[in-house]
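A.B. asks: Here it is: the structure, laid out below.
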Amino acid sequence: MVCFSPNTPVSQRAVAMELLNMKVVNSLDSYLGLSILVGRKKSNAFKSILNYIVNRINSWSKRLLSSRGKEIFVKLVIQSIPTCAFTVFLALKDVLKGLQSMIECVWWGGGEKSRGWSMLAWDRMCHPKVWRLINCKDTLCYKVLRAKYFPNGDVFHPRKINKPFFTWQSIAKAASTLSEGFGWNVGNGRSVDIWNDNWGFEGLSGSSIRLGEAWCMRIKENKDGWKEDRILELYGESMRDQICKMPILHNSHADQRIWFHNPCGFFSTKTAYSWLILKQKLGHDNLPTYDKIASIRDGFNSTCPRCENERETLIHVMKDCPKVRAVLEHGGFNNRLLNEKFTRCID
């Protein structure tokens, strides 16, 4: 392919084409979504890609997609379209902002001309994620990071180091975000810190515990069982029954870390994203309750449709509504949480 400058005379173009035995075309098509020629205005090279993304977005009915469906649509459709272009050209900031704006519109339920209801700033939703350090402990990356940052093998309790690498800073932030979803399947009890670790039910760790023992092995029998008398003394009868029902590994096996948000206990990015999305919506009050809708729509009735007595806030829906409270009490939910006053779910 030969490209001529606009200043090249037509006669010289004809001579060159005759010598090279090539044809002259009036316009050049794109290849894999990329313009073959890129002029001074670099943004024109990405116009066709952005237009194609807009057409794909408008061809889907986003109102019929759940949160997980929108997540899949964003990852497998929208973000896959510019993959080839971004491996060849350095994407301009304006192009990235436009792509991010389209993703926001899809996520919050709007279309090309509507941004939907953005309940939370986009930069607050995007955090670095960590998962391979939990599942893949035979990798070189895990061994190098462990030797420097967490020699005890626990990525959630690393040692403090001045000026760590940027890679580890990103992983550490993600680990702190996901730490609440992980817990222990008790084996020999040597790794479980009952003061700080999550190893069972609500109230089994943190400030609710006041005891001298630090490790779970202190409240286990030498065989595969629990010291019921000691547990009764520390936690009371109700909590003792729950603890003693917890299955434990064979006494010779080490403790295993599990992911509470998967019935099989295995960690996966799918369940992590689902849990983080739900946590983000609950914690920041991003669910369309009647009270939330009434704050942006004049004249909307914010009364709870179930009890018809109070405003339908998220806290009211979760525990304060009499009908909801009756269901929770019937299921044996912790009365301490039901009776305590909260203003937000994140509290």
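The values are calculated or read from the model by the stated rules, or taken from the named source; none is laboratory data. Treat the numbers as computed from the prediction; the structure is a model and nothing was measured. All Cβ positions, glycine included, derive from the backbone under ideal geometry; neighbour counts span all protein chains shown.
A.B. asks: Inspect all residues belonging to the range 123-133 and state whether any of them is under 30 Å from Val77 (Cα atoms) and modelled with pLDDT of 65 or more. I'd like the intermediate steps shown before the answer.
C.D. replies: Initially, the range 123-133 is screened for residues under 30 Å from Val77 (Cα atoms), giving 123-133.
From the residues that got through so far, the ones that are modelled with pLDDT of 65 or more too are 132-133.
Within the range 123-133 (the criterion being under 30 Å from Val77 (Cα atoms) and modelled with pLDDT of 65 or more), the answer is yes, since at least one residue qualifies.
One line per residue, one yes/no per condition, for (1) within 30 Å of Glu237 (Cβ to Cβ); (2) outside any loop (DSSP other than H, G, I, E, B); (3) touching a strand residue (DSSP E or B) at 6+ places or on another chain (Cβ under 7 Å); (4) modelled with pLDDT under 80:
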{"position": "Pro263", "(1), (2), (3), (4)": "yes, no, no, yes"}
{"position": "Lys270", "(1), (2), (3), (4)": "no, yes, no, yes"}
{"position": "Leu276", "(1), (2), (3), (4)": "no, yes, no, yes"}
{"position": "Leu282", "(1), (2), (3), (4)": "no, yes, no, yes"}
{"position": "Pro288", "(1), (2), (3), (4)": "no, no, no, no"}
{"position": "Ile296", "(1), (2), (3), (4)": "no, no, no, no"}
{"position": "Asn301", "(1), (2), (3), (4)": "no, no, no, no"}
{"position": "Val327", "(1), (2), (3), (4)": "yes, yes, no, no"}
{"position": "Arg336", "(1), (2), (3), (4)": "yes, yes, no, yes"}
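A.B. asks: When you scan the range 55-75, do you find a residue that is at pLDDT 75 or above and under 29 Å from Phe165 (Cβ atoms), even just one?
C.D. replies: Looking through the range 55-75, at least one residue is at pLDDT 75 or above and under 29 Å from Phe165 (Cβ atoms).
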